[in-house]
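The values are calculated or read from the model by the stated rules, or taken from the named source; none is laboratory data. Here the structure is a predicted model, which is why all the values come from computation and not from measurement. Neighbour counts run over all protein chains shown; Cβ positions are idealised from the backbone, glycine included. These area figures cover heavy atoms from the full protein model, side chains too; ligands, DNA and RNA do not enter into them. Shrake-Rupley method; radii C 1.70, N 1.55, O 1.52, S 1.80 Å.
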Amino acid sequence: MNDDPEFMRAYDEIRERILATGVAGRPSDGAMVVVLFSRTSGEGVTTVAGGLAQSLGRSISRHILLVGNERGGVGPAKVLGVVPRILLRSEAGYSSDAVLDSIQHVTESRVDILSLGGDHSPGDPSWESYFPKLRAEYDVIVVDAGSMERDAPLQWCRWADQSLLVIDTTRAQVEAVERLKADLKHSRFHLAGSILNKRRHAV
């Protein structure tokens, strides 16, 4: 993970905006869930999710969980510099023991990681029954939901307290981003904000 002070300050600013919504005032069902996604693949969602989770871990004495898929060897574990312990779905779905055994604690980052197999679906009935248990164990859950080229972001965002669109400013066209925002709004999808990735100055 990039530990350049400028990058760290950028993530810290995003963190402070998220925390300003009031983690301490969360309802009894547990963690604030922050879901990050992009319009297309390769816009930096995994890197930004990892940076945000680390920033949260540095700043508050709370339990932080980073969740994401491991596809093509690139996922939340690799971003935080550990070998992933991938949670695979059995025919019976996801068991409590399997989920707990798959969670990795990264001491240096003060972040827990849950690496999901490529076949994971947030709409899986057994996952729907287990995710509330994870919310009860953590204060903030950061989800790398991937790109809108798959349906995972829409499935993840129904759990979200904040849904954030990651935009690669070196390749995204304003018109395409505005069209996506309009489509999301038309679908009654609440977008809390956007994170502009690869800007020349701090986010």
Charge context of residue 118, other residues only, Cβ under 12 angstrom, K/R +1, D/E -1: +1
Two-site FRET efficiency, residue 16 against residue 181, from Cβ-Cβ distance with R₀ of 25 Å, rounded to 0.05: 0.60
The stretch 83-156, accessible area per residue, ligands and nucleic acids excluded (1.4 Å, Å²): 48
Rounded to the nearest 10 Å², the accessible area of residue 83 at probe 1.4 Å: 120
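To the nearest 0.05, how large is the calculated FRET efficiency for residue 96 and residue 174 if R₀ is 45 Å and r is the Cβ-Cβ distance? Spell out each step's value before the answer.
Values: r = 45 Å, r/R0 = 1.01.
The pair residue 96/residue 174 has a calculated efficiency of 0.50.
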The stretch 69-180 - convex hull of the alpha-carbon atoms, volume per residue in Å³: 132
Proximal charge balance of residue 138 [Cβ under 9 Å; K/R count +1, D/E count -1]: -1
Long-range amide H partners of residue 33 with built H, under 5 Å: 141, 161, 162
Paramagnetic reach from residue 107 in the stretch 38-60 [backbone N under 18 Å; point 7 Å along Cα→Cβ]: 57-58
Hz values of 3J(HN,Hα) by residue in the stretch 147-160 - Karplus curve (6.51, -1.76, 1.60), Gly and Pro given as x: 9, 6, 5, 10, 8, 4, x, 5, 5, 5, 5, 6, 8, 6
